[in-house]
Amino acid sequence: MLSLQRPLLVTCLHLLLLLPWSHSRILRHTNGFHYQDLSNGNSNGNGKDEIYFNGIRLHVESPQHSVSATKGSNVTLLCHYHYEPELTTPRRTRVRWFWLPAYTNTTSPETFARESKVMVAMGGRHRSYGSFKGRVRLRRSAPGDMSLVINELQLNDTGRYRCEVIDGLEDESVTMKLELTGVVFPYYSHEGRYHFNFFDAQQACQDQDATLATFEQLFAEWEDGLDWCNAGWLADGTVQYPIRDSRVVCGGKDVAPGVRSYGHRHKILHQYDAFCFTASIKGTVYYLKHPTKLNFTEAVQACASKGSQIAKVGQLYAAWKLMGLDCCKAGWLSDRSVRYPITTPRANCGPLEPGVHCFGFPAPSMKFGVYCYEQMI
């Protein structure tokens, strides 16, 4: 008897699957989002069935496409979500913030795979990751507000941020770019031109309170007037140089001005200069008033005696570009170079153009002034 029931059960199930409404059914998920599967003769022309949404819709938005901030400051990246139609009761949603460094190729199909987590939050629980740990929080100023607050911005925080809101099977996201206000400066070794491989260049910029510049940062500086005839590493591993005035010794007189590129180079075997990027500083750079000129060792000690430290090249550039430091006196810096910042060109102050002018790397025994850096507490 049992053996006779089994074929009958299979036949009944088969008939149920053949009923017309079995091919045009509503798939109901526990999160309240509803879809209609129109797979019975309704394809998109590519042989793929279409799924139509006929319920609640999740929207994630931001009024920001690009955000500019200063190093050491706090910044808020805006992200809000809402539902259509509006809901009468709150729902448990999860938010994830991701970060893609500025030097990453955002057009690559592997972009998402290279994103790093910044924060994950659900309800009152949250977790931050990597260099963002302890520096980020959600603002939550109103229902649906998932804006990210980043404290104590660092040079390496620049890049693309993505806010993803998840509700059950639904997820939507929005992206924005974070940039720091700063200045790009060319930098070379005390041994001479073209002595940095890529990793040497990274370290050299870091030692001077800077980071390797991105192409976008170098291009913006070129638009602002930077003209430099020596090629340098950028953060993406390319080697480029900005030319405003075309000339024979800089790639050819008949070649159009612009940021010229050597493309990617071997990061260990090839050697060039560096283009560094620095942003505003949390402190003051000043020329030390001293009764006599100083050799390098005396210069370091003189700053220390004032409760300061000898300034780095990146700090001097930031003070010149962002704080208007103007001083027609050459002084030692921490890398044993001698430089001075000019915002208002004038006679007897070097070239008739603004900039941080450099005397190179004199012998440490030679006598100059010194630029000190006093950090804010």
Take the residues in the stretch 314-325 that are out of contact with any Asp or Glu (no Cβ under 6 Å at 6 or more places or on another chain) and buried (at least 16 other Cβ atoms within 10 Å of the Cβ); name whichever of them is farthest from Pro364 (Cα to Cα). Leu322
Can we say Ser308 is within 24 Å of Leu226 (Cβ to Cβ) and surrounded by 17 or more Cβ atoms within 10 Å (Cβ to Cβ)? no
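Give the residue that is nearest to the chain's Cα centre (by Cα), with candidates limited to residues of the stretch 142-197 that are of a type in the set (S, T, N, Q) and outside any strand (DSSP E or B).
Thr158
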Taking only pairs six or more apart or across chains, which ones have beta-carbon atoms under 7 Å, a first residue in the stretch 227-240 that is farther than 18 Å from Ala210 by Cα, and a second residue that is exposed (fewer than 15 other Cβ atoms within 10 Å of the Cβ) and of a type in the set (Asp, Glu)? Asp227/Asp245
For the stretch 69-99, enumerate the residues that are touching a residue at least 12 places away in the same chain (Cβ under 8 Å), more than 21 Å from Gly124 (Cβ to Cβ) and in a loop (DSSP other than H, G, I, E, B). Thr70, Lys71, Gly72, Ser73, Asn74, Leu78, Pro85
Of (1) in contact with a helix residue (DSSP H, G or I) (Cβ under 6 Å, 6 or more places away or on another chain); (2) surrounded by 15 or more Cβ atoms within 10 Å (Cβ to Cβ); (3) within 23 Å of Tyr188 (Cβ to Cβ), Cys372 satisfies all except one. Which? (3)
As an exercise: evaluate Val239 against (1) in a helix (DSSP H, G or I); (2) touching a Phe, Trp or Tyr at 6+ places or on another chain (Cβ under 7 Å); (3) among the aliphatic types (A, V, I, L, M) and give the number of the one condition it does not meet. (1)
Going residue by residue through the stretch 159-172, is there one that turns out to be within 28 Å of Tyr373 (Cβ to Cβ) and touching a residue at least 40 places away in the same chain (Cβ under 8 Å)? yes
Reported set for the stretch 299-328 where residues are in contact (Cβ under 8 Å) with a residue 40 or more places away in the chain and over 35 Å from the mean Cα position of the chain (by Cα) is Ala299, Ala302, Lys306
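Read-outs throughout are calculated quantities, based only on the coordinates presented, and are distinct from any laboratory measurement. Treat the numbers as computed from the prediction; the structure is a model and nothing was measured. Cβ: placed from backbone, ideal geometry, glycine included. Neighbour counts: every protein chain shown.
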